[in-house]
1. What figure, in Å² to the nearest 10, do you get for the accessible area of V78 with a 1.4 Å probe and non-protein molecules left out?
2. Tell me the carbon and sulfur percent of the accessible area for region 63-210, rounded to whole percent, probe radius 1.4 Å.
3. Once you place label points 7 Å from the Cα toward the Cβ at T170 and D48, how far apart are they in nm?
4. Once the whole set of protein chains is in place, how much accessible area is left on R83, using a 1.4 Å probe, in Å² to the nearest 10?
5. Just the accessible area per residue of region 80-210, please: how many Å² with a 1.4 Å probe?
6. Between N189 and S159, what FRET efficiency follows from the Cβ-Cβ distance if R0 is 35 Å, with the result rounded to 0.05?
Amino acid sequence: MKTKSLYLTIVPLLSLSLLSVGFCSWTLTGAEVFNANIQTGNALVLNDYIKYNDQVDFFEFCPTGPIDDETIVSYGDVVISFRIENFQKLLTRLESTSTKTLKCTIRNICTTDQNFSIFNYFSSTNPATYSESLNTEAQDFSNTLTYTIESTNLNFNLSLINFTDQNINTIYYSFKFFFDFSSVLSDFNNQIYSKIGNNGLFFRIQAEIN
């Protein structure tokens, strides 16, 4: 079986905002896709088909904790989205024996501490969810995301088989991850803010279809 792979990197764009209660916070407001290194051999150029949104939603935070409605809280969420375009054309490029599975790895990279993993702070009560739809306006995050974590990597698979017999050209995906920092809120500045503040954290995404 041939494997078609594309490596993409998402880099956060941070904007500084001054909130009315008197402290500064950084909000992740966008993403830039760059540095696509295509595998050689039988690799398929997936960036012709998989497109990342130019908007990544990241919780607001400051040195003392996450912010919700101008209040310090212990929680936050992140949403990363992409879509598959020209899906029917993509199917023709895959072997008939392919399993039609989208395999994703999201790696969090900390510029100040290579061992830091924000995935260690996933909420135990709010599971990660995802939206899979044919219309970007119809996303509802009704599906629970099954994943594994290996150090700084988050891995998950999504079956595309339900779409292969339909005349579908675009599939929209969004992934919502919930975080709980209550265990480190009293030392948020050292444990979290010093790692993710000031462009300290970004995500590298590997997307693969076979």
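The values are calculated or read from the model by the stated rules, or taken from the named source; none is laboratory data. These numbers come from a predicted model, not from an experiment. In this analysis, Cβ positions are derived from the backbone assuming ideal geometry, glycine residues included, and neighbour counts consider all displayed protein chains. With ligands, DNA and RNA removed, areas are computed over all heavy atoms of the protein, side chains included. Shrake-Rupley method; radii C 1.70, N 1.55, O 1.52, S 1.80 Å.
1. Ignoring ligands and nucleic acids, V78 comes out at about 0 Å².
2. Solvent-exposed carbon and sulfur of region 63-210 make up 40 percent of the total.
3. In this crude label model, T170 to D48 measures out at 1.9 nm.
4. For R83, solvent-accessible area is about 60 Å².
5. Value returned for region 80-210: 49 Å² of accessible area per residue.
6. So, using R0 = 35 Å, E works out to roughly 0.25.
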